[in-house]
Structures are given as structure tokens and as C-alpha cells.
Amino acid sequence: MARRVMKSAASPARRVGKILYRVAVALSAVIVVLYGVYRYLARPPELTGPAPAAGIQPTDDPDTEVDERLAAVTPAPEPAMARKEYTYTFLLVASDQGNGNTDTMMVATYDTVNQTVGLVSLPRDTFINGVRESNGKNFYKLNAAYAYNGIDGLKTEVSKILGFPIDYYIKVNISGFVRLVDAVGGVEFYVPVDMSYDDPTQDLHIHYNKGSQWLSGADALKVARCRQNSYIDDAGQVHTYDIYNGADVGRTQTQRDLLTAVLKKAVANPQKFPEYIDILLNNVKTDLDLNALTYFGTKALDFDFSAGLTTAVLPGDGTITYRGWTWCYQLYPDQVLELVNTHSLNPYTTDLTSDMLEIMQKD
């Protein structure tokens, strides 16, 4: 008679080992899927633009014999400018709180291969020959382009000035900037001038001493906005005066330095990227999609701000009056061209030439 063989029950340790093995397999599968999604989202964005002009092509049609002879002596059109590989341009904009004009405008060119960024401020009073699309009315300051013709109109005007297209725009509202600074835990920042300004109509009070300061989001916004100090004379009248040389042009340097400090700290804390994305989604208007955000975010992790960042302001004269518009900022074309070609702003493989820039000059 055959004996019945009894199977011994698995030990608790063995059962736990099997469970852990299955969990490990499941986690590995999830990691593989997530990595695939990440690689998909982190692809470099594709740019769309004019293709290089093609020369006249020969044909087998005998009726085109004359055309072929003409083509042999007629030079082919010049090819379009070639873009640097994986290099992108951005328009950064912040609106003022009053009439909707753009109080802050910057352009950045990011070469993700060589890890360089050129960042330039465009003074808000930059002299242009703008036309309001709705009624054909002219305007002569760059900061009015957004209020009159929207973000596309502003991008067009900026592209004319700099001689290259704007690939993406980022428009930040005030609360978004405050939230971002607070998300990175505030910033240590050198305030370049004494600030003492009060405007009861806006409930705005700005008081900071020149020197190193720890700025919260609300503090950083005040420092970025301030361009004048105020005082009350013995008769109770309020007076203001510029605190920077060059008025608003001086303030743009503070804004660039402050933005750099915030971005530098944000990149140093990549674990907060989900919070940054939430702030962007709720406080920023942009044409960057999730793929582009992921790509540029991962590239920025390797960026060296001390070696790769170049900043400047477009050079010009801010004392021009034109058709009733006072304190227009007339750009210096030759200096703007040199800056574009030497400060990591040019996204092309060859230098731009003066005929590629459209810079308004008073007759």
C-alpha cells in the first residue's frame, strides 16, 4: 500500500520572501513604464519655421528648356538662416497692475547643448512704430504692444527688434511670482539702492536698506517693482524721484539679478518640481506644453549659473519725445546688433546683420 506523502507548509519567512519578490517585480515594471514615459516627455521640442530656400531644380520637360538656361545664369536665392541645434528662445513677461501694459519684458535664449543662456531686458518704453490691429491707431512704446495686440503682437514686435523669432512665451502674474519665491524658501539678495516709497492709493509701502536682505515672495515683488522713492514736503505734498541711473533701465538690472537668484535656488531644489509645476499651471500663461516643460526642467538641472548665464539690457536713449509720447527709449541699432551676436542671444549658427533688425529711429 502506497504511503501518502505530506507536504510541509511553507514557513512564514518563505511566504514573506515570495510576497517581497512579487512586489519587487511589480515595482520594476512600474519603474520601466515611468522611465519610458519620462523619456517620451523629455524629448527636445521640435521647432517649426521657414525652411531654407531651394534653388531652381532642372526638369525633364522639354518645354522648360529656356527656363533652365535662365536658371544657369540666375543665382539661387540665399538659404534661410540655420538654427543652432537644440537652442530655443523665450519671451518672459509680467504685466503691471494698472492698464495691462507689460511692465517687465525679457528675452532668453537657451542653448541646451552648450548649456548657455543669454538673458536681455527690453526697457518698457522702447521706441517702436506699433499699430493697433483693432482700429489702426499708432502707438510708440513696446509696453503697449501686449495691451493693444495681445501676446502674439508683442512677440512680433520683439522679433523685429532682435532679428530672430520667439519660440515660446511665459507670462507671469504677480501672485505666481510671489508663490515661486516662497516655494524656494525665499532668497538672499543684495538690494542695490535704498528704497523708500509709499503709495496709499495702492496700499503700497516699500522700505528696504541697501545691502544684503532675506526676501520673501512679497518682499521680492516690492524690490522688483520699485523704481522711485517718495517723500512728503513741509506743505504735505508728495514728491517722487528716480532711484536708479537711467530710471527704469536701472531697475531692469535688479529684476534680472532677482530672477536669476530665484531660478538658481529653484534648480538647486529639484524635489520641489511638482510644486513649481503647480504654480506654473495656476499662475502662468504659456505655450510650453508638458513635453517642453519636462525637457527644459531636466536640462536646467545641469546648468551652471556662474559660467553659463549672460545678462544685459538693450542699450539706448530714454529721453526721446515722439508725437506726444514722452520718455521713449530709442535703441542704438549698432550696439543692439553687437549685443545680440556676442551675449549668447543669437539662436543662429552665423551672426545676424543690421538689415535683419527693425529698430525704430526718430527722424
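The values are calculated or read from the model by the stated rules, or taken from the named source; none is laboratory data. Because the structure is a prediction, the values reported are computed rather than measured. Every residue, glycine among them, receives a Cβ derived from its backbone with ideal geometry; neighbour counts consider all protein chains shown. Ligands, DNA and RNA are stripped out before the accessible areas are found, and what is left, the full protein with its side chains, is counted by its heavy atoms. Shrake-Rupley method; radii C 1.70, N 1.55, O 1.52, S 1.80 Å.
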Evaluation of Asn269 against (1) of a type outside the set (Asp, Glu); (2) more than 25 Å from Leu122 (Cα to Cα); (3) without any contact (Cβ under 8 Å) to a residue 40 or more places away in the chain (one fails), failing number = (3)
Which residue out of Val181, Val131 is among the hydrophobic types (A, V, I, L, M, F, W, C), farther than 30 Å from Thr342 by Cα and more than 23 Å from the chain's Cα centre (by Cα)?
-> Val131
Only strands (runs of 3 or more DSSP E) wholly contained in the range 93-145 count here; list those with 2 or more residues that are under 28 Å from Phe303 (Cα atoms) and either open to solvent by 30 Å² or more (accessible area, probe 1.4 Å) or out of contact with any Phe, Trp or Tyr (no Cβ under 6 Å at 6 or more places or on another chain) (or both).
-> 102-111, 116-121
Just a yes or no: is a residue in the range 255-268 under 23 Å from the mean Cα position of the chain (by Cα), modelled with pLDDT under 90 and assigned to a helix (DSSP H, G or I)?
-> no
Could you give every pair whose Cβ atoms fall below 7 Å, whose first residue belongs to the range 294-322 and is within 30 Å of Tyr140 (Cβ to Cβ), and whose second residue is of a type in the set (S, T, N, Q) and exposed (fewer than 15 other Cβ atoms within 10 Å of the Cβ), counting only separations of at least 6 or pairs across chains?
-> Pro315/Gln335
Quick count over the range 307-333, residues being in a loop (DSSP other than H, G, I, E, B), within 19 Å of Leu122 (Cβ to Cβ) and open to solvent by 30 Å² or more (accessible area, probe 1.4 Å), is 1
If only one of Asp278, Asp317, Asp334 is among the acidic types (Asp, Glu), touching a Leu at 6+ places or on another chain (Cβ under 9 Å) and more than 24 Å from Glu85 (Cα to Cα), which one is it?
-> Asp317
Kindly check whether there is at least one residue in the range 164-172 that is under 16 Å from Leu263 (Cα atoms), aliphatic (A, V, I, L, M), open to solvent by less than 60 Å² (accessible area, probe 1.4 Å) and under 16 Å from the mean Cα position of the chain (by Cα).
-> yes
Is one or more of the residues making up the range 275-283 assigned to a strand (DSSP E or B) and either open to solvent by 60 Å² or more (accessible area, probe 1.4 Å) or closer than 26 Å to Val313 by Cβ (or both)?
-> no
Residue check for Asp248: crowded, with 17+ Cβ neighbours inside 10 Å and modelled with pLDDT of 95 or more = no
Any residue in the range 294-306 that is open to solvent by less than 60 Å² (accessible area, probe 1.4 Å), in contact with a Gly (Cβ under 6 Å, 6 or more places away or on another chain), outside any helix (DSSP H, G or I) and within 27 Å of Gly163 (Cβ to Cβ)?
-> no
Report, by residue number, each residue of the range 187-220 that is within 30 Å of Ile151 (Cα to Cα) and part of a loop (DSSP other than H, G, I, E, B).
-> Thr201, Gln202, Asp203, Ser216
Exactly one condition in (1) touching a residue at least 12 places away in the same chain (Cβ under 8 Å); (2) within 19 Å of Ala94 (Cα to Cα) is not met by Asp278; state its number.
-> (1)
